[in-house]
Amino acid sequence: MKRLHAGSVSLVMYAIIVIAAASALAAQQSQLAPTPPMGWNDWYQYECKVSDSIMRANADALESNGMKAAGYVYVNIDDCWQGKRDEKGFIHPNERFPDMKALGDYIHSKGLKFGIYSSPGPKTCGNYEGSYKHEEQDAETYAQWGVDFLKYDWCSAPKVYKPEEMQGAYRKMYDALRRTGRPMVYSLCQYGLEAVWRWGPKVGGNMWRTTDDIGGDYDRMSLFGFQHNGLDKFVGPGHWNDPDILQIGIGKLSNDEGRTQMALWCLLAAPLLAGNDLTKMTPETLEILTNPEVIAVDQDSLGAAAHRVWQEGPLEVWMKPLADGSKAVGLFNRTVSPLPITVRFATLGLGHSVQVRDLWARKDLALFRRNTLPQCPNTARRLSKLDSELRMMNSEL
């Protein structure tokens, strides 16, 4: 597939506040993960080179660089931490993690939360020990270590489970986690198999992977994000579609492409798990990851996700309802050359005038009294400048 460069993909996003709109849906405080979880995962940056010192260094950075204040709180170890089981069957970490309880305590001391990884199969994807036939023991161990988040990756499970047994395998670990009495966000990682969005909540999932591993480049990120049309009805407080980890700052996306992923993931109400080296981050990457008005779209208490409301070939418009009655709207030009997009207010259920707010720049723009939103840029320079732009608009009915 030919790569689409950042300057050739136009995204304009709007949040439209409709006066006299319906009241906001109250946040469900008693529910685990009432908004999409936010944090950091080591996999795409470190893979099996991850260690205790790497986790501590990134936890330090998360606390000090403004990401914790922006809402990123989970510090998640992915694969390759496991050592051997003892004679009683309890798992122990390998030599790169000398004391997992101490690591969890360190993360908690910073006001952050501690995440870990396993598989329902006998081996993880990295060929380390999985949880097959040790679900109760592993859940108990995680609770003792102070774990707050479990990513449970299908990996070798097809060697011991049939496809129709997938739900039972995931439910088995959920029941074990619940019996520990320690709340843990439960992240199902099975690549969208068996239409997981239909049954994820029934097996205790707080989030579930709707896609394969994202792999890093723009084309794959774009494919994974846009395939979510129609899946918005399966999300809500405590239950989220997960199109995989943010690739911003890892090195395969430009800043404009990173803004596109951030904006698209926020429209989708996706978990925001950064995947870059937090200890060596550019100011531009940090700005993309921590813009408070963009993050607010993702963390909106209504818990709704966007759906596509209009399409003309490669041109698309997506809309996400928000708790205060406003609407987040994304305009996408998915071609290799700039094209204008014009959207009528009626398509979005709006009145005849809107006040625009630029959420990336965090400033109000003009009042538009025409019955259309402003066009997407139709010059290459303007397109590049406005790529992934997110805006707020007040509508006067």
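Picking from Thr124, Tyr72, Gly39, whose Cα lies most toward the positive end of the charge dipole for region 38-298 (charges on Cβ: Lys, Arg +1; Asp, Glu -1)?
Highest projection toward the positive end goes to Thr124.
Rounded if a/c is under 1.5, else prolate if a/b is larger than b/c, else oblate: which is region 116-219, with a ≥ b ≥ c the root eigenvalues of its Cα gyration tensor? Don't skip to the end; give the middle numbers.
Numbers: a/c = 1.40, a/b = 1.38, b/c = 1.01.
It comes out rounded by the Cα gyration axes.
Considering amide H positions built from the backbone, and no H for Pro or chain starts, which residues 5 or more places from Met207, or on another chain, come under 5 Å of its amide H?
The list, which skips near neighbours in sequence, is Tyr186, Leu188, Trp240.
Specify which residue in the list Gly111, Asn94, Asn58 is farthest towards the positive end of the charge dipole of region 47-117, using unit charges on the beta carbon of Lys, Arg (+1) and Asp, Glu (-1), about the Cα centre.
Comparing the listed Cα positions along the dipole, Gly111 ranks first.
Give me the lysines in straight-line cross-link reach of Lys327: C-alpha distance below 26 Å, same-chain residues under 8 apart excluded.
By straight Cα distance, Lys327 reaches Lys233, Lys363, Lys385.
Under a cut-off of 27 Å between alpha-carbon atoms, report the lysines in cross-link reach of Lys101, not counting same-chain residues fewer than 8 places apart.
List returned: Lys49, Lys68, Lys84, Lys88, Lys110, Lys113, Lys123, Lys133, Lys151, Lys172, Lys280.
Would you mind ranking Thr35, Thr282, Thr335 by Cβ crowding within 10 Å, fewest neighbours first?
On the way: Thr35 22, Thr282 11, Thr335 14.
Final ranking by Cβ density, sparse to dense: Thr282, Thr335, Thr35.
For Leu359, what residues show an amide H to amide H distance below 5 Å, using hydrogens built from the backbone and excluding near sequence neighbours?
Counting only residues 5 or more places away or on other chains, the set is Leu390, Arg391, Met392.
Rank the residues Leu193, Leu268, Leu331 as a footprinting-exposure proxy: fewest other Cβ atoms within 10 Å of their Cβ go first.
Working: Leu193 13, Leu268 30, Leu331 24.
Lowest count first: Leu193, Leu331, Leu268.
Let's test this: bin the Cα-Cα distances of region 64-119 at 5 Å from zero up to the farthest pair and state each bin's percent.
Bin by bin from 0 Å, the calculated values are 4, 16, 24, 22, 15, 10, 5, 2, 1.
Of Val329, Val203, how do they rank once you tally other Cβ atoms within 10 Å and put the fewest first? Walk me through the numbers before you get to the answer.
Details: Val329 26, Val203 20.
Placing the least packed residue first, the sequence is Val203, Val329.
How large is the charge dipole for region 92-224, taken about the Cα centre, if only the Cβ atoms of Lys, Arg (+1) and Asp, Glu (-1) carry charge, to the nearest 20 debye? Working shown, then result.
Numbers: 18 positive and 18 negative charges, 68 e Å.
The dipole of region 92-224 has a size of about 320 debye.
Through the Karplus equation 6.51 cos²θ - 1.76 cosθ + 1.60, θ set to phi - 60°, convert the phi angles of region 31-41 into ³J(HN,Hα) values in whole Hz; use x for Gly and Pro.
Per-residue couplings from phi come out as 9, 5, 6, x, 10, x, x, 10, x, 9, 10 Hz.
Direction-averaged shadow area of the convex hull around the Cα atoms of region 38-298, nm²? Kindly include the intermediate steps, with their values, before the conclusion.
Details: hull surface 50.9 nm².
About 12.7 nm², averaged over all directions.
Among 228-234, 41-47, 290-296, how do they line up from the highest to the lowest mean number of other beta-carbon atoms within 10 Å? Mind showing how you got there, number by number?
Details: 228-234: 17.4, 41-47: 21.3, 290-296: 19.3.
So the order, starting with the most tightly packed, is 41-47, 290-296, 228-234.
In whole Hz and in residue order, list the ³J(HN,Hα) couplings for region 188-204 that follow from phi through the Karplus curve 6.51 cos²θ - 1.76 cosθ + 1.60, θ = phi - 60°; x for Gly and Pro.
Ordered by residue, 3J(HN,Hα) equals 7, 10, 9, 6, x, 5, 6, 6, 4, 4, 7, 10, x, x, 5, 9, x Hz.
Given H placed on each backbone N at 1.01 Å, which residues far from Ser353 in sequence or on other chains put an amide H within less than 5 Å of it?
Residues meeting the criterion, in which the H sits 1.01 Å from N, are Glu396.
Charges at C-beta only: +1 for Lys and Arg, -1 for Asp and Glu. How large is the resulting dipole of region 34-117 about its Cα centre, in Debye rounded to 20? Let's see the in-between values first.
Working: 10 positive and 12 negative charges, 33 e Å.
Charge dipole, region 34-117, about its Cα centre: 160 debye, nearest 20.
What's the magnitude of the charge dipole for region 38-298 around its Cα centre, counting Lys and Arg as +1 and Asp and Glu as -1 at the beta-carbon? Answer in Debye, nearest 20.
Working: 28 positive and 37 negative charges, 147 e Å.
Here region 38-298 has a charge dipole of around 700 debye.
Just so you know, all these numbers are worked out from the coordinates, no wet-lab data involved. As the structure is a computational prediction, the values presented were derived from the model and not from experiment. Using ideal geometry, Cβ is built from the backbone for each residue, glycine included, and neighbour counts are taken over all protein chains shown.
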